[in-house]
Amino acid sequence: MATGSGADRSAVESGCVRPVRLTGHTDQIDMATGEIRRSAAPPVVHVRCNNRRASACPDCSRLYQRDARRIVVSGLDGGNGGGGAGRDGAAASGGPAWFVTLTAPSFGPVHSRRAGKGADARVCRQRRGTCEHGRALSCHLRHNADDRRLGEPLCLACFDYGRAVVWNALVPALWKATRDRLESAVASAVGLTVTALRRVVRVSFVKVAEMQRRGLVHLHVVIRVDGRDPAGDPTAPPAWAYTDLIADCLRDVVASVSVGAPDPAAVALLDSSGALPRAASGDGWAVRWGGQVDIRRIRIGSDTEAGKVGNYLAKYLTKSVTDSGALDAPVRSLRQLARLGLRDHARRLVETCWRLGSDQAFTEAVDAAAGRPAGRTSGLIRWSHSWGFGGHWLTKSRRYSTTFGKVRAVRRRWSRLLAAALSGRPLGIEDGGPVVLDEFGRPDGDERTLTVGRWRYAGRGRDPATGDGGAGAVP
């Protein structure tokens, strides 16, 4: 870990509002002689909280957003971003790519903003009549973009909260089934087995989850097809990969793929005392994608288009499920939920997760369908603050592009170099540029030196002993 003096703390730590305090030390060991030298370090160092949510830490959120954009773009601009070149990038193949949006089905009518020509909002819902609960099926308002009613049901009683949260829980499993079925569909279309197809092409992707205001997850996916030579290195893909075959296969798969799940429709409502009942697990139902699917071709190698796609995906990663950020942390109890001051729709989504999660048989069936191991706490309750969705907000295949680790390693090396320069430590020269030297005078990261850090958690926030964040910081 890199440390610095009090003078260089702000340059390294930047503006993280809740850094993690660590105490300990770092030892450097000469692999040849076994000599141990302890690095000079302040009593308390700080690391970033690395929270992706803007409501929790604006500075770390912006940094996460930039890193995520780099990951997306480096798979579309030739792999030149942040260490994504070579086998991890797209430069060698120039394969075709598509931008895909997969939506959730409807679980009840909600207020929405329909933009017309000139970005003028149109009437929300032009319908006639009332629902079975006596609520009007129409809304003649023209909602503003910041209207708090957007995404909320026209009738809370008509909205199927049970299936909504179970659908969120099974989105990762549904995406995995879609990805697997896509390879099978493409292989069948070109007359190959799946194994033979994988010898010819590699399908890579990066996926970002967006939580909509109605409380359902949408997926935005970049899919890229690369060719492969017998050694597994990327080459130009076959000619059929540049046609509409991939997009047509994907449309067919999205329309037909499903994941079996227990149906929450048979779960009982809260009893008269307000206690969570023991719910009865009903028959299964098929979890599917919504009818709105968008598939667009991306021009590989276009910096402008790659940047637009990267910006579009990165902007969703820093959002909280609620604008207030009240659900940025797990909900520990229904009593805590009552103190959060949520609007009715958001509160009911969380309550539904707890209600369904209280039935052991039902939640075990959901966790099994989602492919996650059963734990002491059911998945629905554990992820009730994200309305049942327990997947990662950004995932990618290994060969799509660079990784968060590589991007952060580049920034970490720069921060260590800056801290060393500001503190007056001697620097070395390697490959024509300055590098930090370890305790043995070798370039930082030299194979002849083993670095062992022993750090333990000491709290959150600024060091109360100094009042200014402590004597040092770790990026």
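Against the conditions (1) in a loop (DSSP other than H, G, I, E, B); (2) modelled with pLDDT of 85 or more; (3) at negative phi; (4) in contact with a Pro (Cβ under 7 Å, 6 or more places away or on another chain), where does S93 fall short? Just the number, please.
(2)
Can you name the residue in region 394-446 that is in a loop (DSSP other than H, G, I, E, B), under 28 Å from D77 (Cα atoms) and small (G, A, S) and, of all such residues, is modelled with the lowest pLDDT?
Looking at the filtered set, the residue picked out is G432.
This table checks each residue for (1) crowded, with 19+ Cβ neighbours inside 10 Å; (2) farther than 15 Å from S386 by Cβ; (3) in contact (Cβ under 8 Å) with a residue 60 or more places away in the chain.
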| position | (1), (2), (3) |
| --- | --- |
| T318 | yes, no, yes |
| V321 | yes, no, yes |
| G325 | no, no, yes |
| V331 | yes, no, no |
| A338 | no, yes, no |
| R347 | no, no, no |
| T352 | yes, no, yes |
| R355 | yes, yes, yes |
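Considering (1) modelled with pLDDT under 80; (2) within 23 Å of P105 (Cβ to Cβ), say which one A275 fails and leave the rest.
So A275 meets the others, but not (2).
Can you give me the number of residues within region 437-459 that are farther than 17 Å from D30 by Cβ and surrounded by 12 or more Cβ atoms within 10 Å (Cβ to Cβ)?
3
Restricting attention to region 308-351, and to residues there that are assigned to a helix (DSSP H, G or I) and under 14 Å from R214 (Cα atoms), which single residue is farthest from the chain's Cα centre (by Cα)? First the steps, then the outcome.
So the first thing to find is which residues in region 308-351 are assigned to a helix (DSSP H, G or I), and the list is 308-314, 334-339, 344-351.
Now narrow it down to the ones that are under 14 Å from R214 (Cα atoms): 344-350.
Details: D344: 26, H345: 23, A346: 21, R347: 23, R348: 24, L349: 20, V350: 20 Å.
Only one residue fits best here, namely D344.
Taking P109, is it surrounded by fewer than 18 Cβ atoms within 10 Å (Cβ to Cβ) and modelled with pLDDT of 50 or more?
For P109, the condition - surrounded by fewer than 18 Cβ atoms within 10 Å (Cβ to Cβ) and modelled with pLDDT of 50 or more - is not met.
Among (1) of a type outside the set (F, W, Y); (2) at pLDDT 85 or above; (3) under 30 Å from P330 (Cβ atoms), there is one condition D463 misses while meeting the rest; what is its number?
Failed condition: (2).
Here are some conditions: (1) assigned to a helix (DSSP H, G or I); (2) buried (at least 17 other Cβ atoms within 10 Å of the Cβ). A361 meets all but one. Which one does it not meet?
Tallying (1) assigned to a helix (DSSP H, G or I); (2) buried (at least 17 other Cβ atoms within 10 Å of the Cβ), A361 fails exactly one: (2).
Which ones in region 283-302 are touching a Gly at 6+ places or on another chain (Cβ under 9 Å) and either not assigned by TED's automatic domain parsing to the domain that holds Y242 or not in a strand (DSSP E or B) (or both)?
Matches in region 283-302: I300, G301.
Would you call R48 crowded, with 21+ Cβ neighbours inside 10 Å, in contact with a helix residue (DSSP H, G or I) (Cβ under 6 Å, 6 or more places away or on another chain), modelled with pLDDT of 90 or more and not aromatic (F, W, Y)?
No: the conditions fail for R48.
Which numbered condition trips up K207, out of (1) charged (D, E, K, R); (2) farther than 28 Å from H392 by Cβ; (3) in contact with a strand residue (DSSP E or B) (Cβ under 8 Å, 6 or more places away or on another chain)?
Only one criterion in (1) charged (D, E, K, R); (2) farther than 28 Å from H392 by Cβ; (3) in contact with a strand residue (DSSP E or B) (Cβ under 8 Å, 6 or more places away or on another chain) is unmet by K207, namely (2).
Can you find, within region 377-424, the residue that is surrounded by the most Cβ atoms within 10 Å (Cβ to Cβ) among those that are touching a residue at least 24 places away in the same chain (Cβ under 8 Å) and on the phi > 0 side of the Ramachandran plot?
G388
The values are calculated or read from the model by the stated rules, or taken from the named source; none is laboratory data. Quantities reported herein were computed from a predicted structural model and do not represent experimental measurements. Heads up, the Cβs are rebuilt from the backbone with ideal geometry, glycines too, and the neighbour counts pull from every protein chain shown.
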